[in-house]
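Read the structure below first, then the notes.
Read the figures in this text as sums done on the coordinates, not as results from a lab. Fair warning: this is a prediction, and the values are worked out from it, not measured in the lab. Reconstructed Cβ throughout: ideal geometry from the backbone, glycine too, with neighbour counts over all protein chains shown.
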Amino acid sequence: MNRRTLLSTGMGAVAGGALLGLPTTAAALARTTVPHDGSTVYAPGRPGRDYTPVITPNGATLPFTIVDGVKVFHLIAEPVEHEFAPGLAAQCWGFNGSTPGPTIEAVEGDRVRIYVTNALPAPTSVHWHGILLPSGMDGIAGLSQAPIATGETFRYEFTLRQHGTYMYHSHRDEMTQQALGMMGMFVIHPRVPPERRPDRDFALLSSEWKVLPGARRPDPNEMLEFNVLTFNGKAYPGTAPLMVERNEFVRIRLGNLSAMSHHAIHIHGHTWTLVATDGGDIPRSARWPEV
Ligand SMILES: [Cu+2]
């Protein structure tokens, strides 16, 4: 199935927003409930798309439905029992049962609608880090929106006008909420596929934690002395290997939402080229191969 049939199937499955019983006033649109309309849910990672689906080691990709050509996602902010590595567990906060939350994956030019339901015991909001969007959709609690109260759902909606590797994270009491794990990756594939598609496309989100022996939760007040460093929420030996075959063309996307630190990362024993930063693609003539 290619992109066109995927879209047309999706639009055929749901005739329109009217079927969803969505409220129509502007005020109601901003805060509404999540549609449970029985429309087709698109499992991520299906073969045959015009992009290579991102693999989130130790994690997942967020499924979506298509409603009137809009990709509709649903994030649930909630407490999660999280195991960093065998024998090291704590109660964290995350999305849809995990920290980091599932990777959101879409294509440049897509219109996306992301419902965020707050099942935390505190107000929250979600900021779409690095993504160009209208101010009211930026997710900054207290600035661009009121925080999402416990039990409420906020509807974010915007058109993706760029491609690259981005992130999402809490932006209400963010020192606490990010330190407890409220983050995830947001990958936007280019509308015009690159000359060579990667055979494997991995997303790794790094973070850092302070988990004291015997503590029930990570300490969100720590500023310097972190003792657990993770990729996609896992520390070795909990980290899944990046499985590839010989001669495959591999892309690795690296995000960092650590509370305070930069991390130098060495990809040991491989020859690779830096092809993009969060400022966009690097022209071929300016790329510097690393070994
Ligand atoms: Cu950010």
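The figures follow:
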read-out: Two-site FRET efficiency, M260 against L143, from Cβ-Cβ distance with R₀ of 25 Å, rounded to 0.05; value: 0.65
read-out: Three-way shape call for region 231-280 based on the alpha-carbon gyration tensor, with the a/c threshold at 1.5; value: oblate
read-out: Descending Cα extents along the principal axes, region 91-193, whole Å; value: 42, 26, 21
read-out: Dipole of region 149-283, positive end: most advanced residue of M223, S206, G238 [Cβ charges, Cα centre]; value: G238
read-out: From phi via Karplus (6.51, -1.76, 1.60), per-residue ³J(HN,Hα) for region 261-275 in Hz, x at Gly/Pro; value: 10, 8, 10, 6, 10, 10, 9, 5, x, 10, 9, 8, 10, 7, 9
read-out: For A141, net neighbour charge (Lys/Arg +1, Asp/Glu -1) across residues whose Cβ lies under 11 Å away; value: -2
read-out: Cβ-based exposure ranking for W209, W128, W272, W288, in which fewest neighbours within 10 Å come first; value: W288, W272, W128, W209
read-out: Nonlocal amide H pairs with M167, under 5 Å, H built at 1.01 Å; value: H129, F186
read-out: Residues with amide H under 5 Å from that of S206, placed H, sequence gap 5 or more; value: N232, G255, N256, L257
read-out: Theoretical FRET efficiency, 1/(1+(r/R0)^6), r = Cβ-Cβ of D50 and M175, R0 30 Å, to 0.05; value: 0.15
read-out: Spacing of the two label points (7 Å from each Cα toward its C-beta) at V275 and D199, in nm; value: 1.4
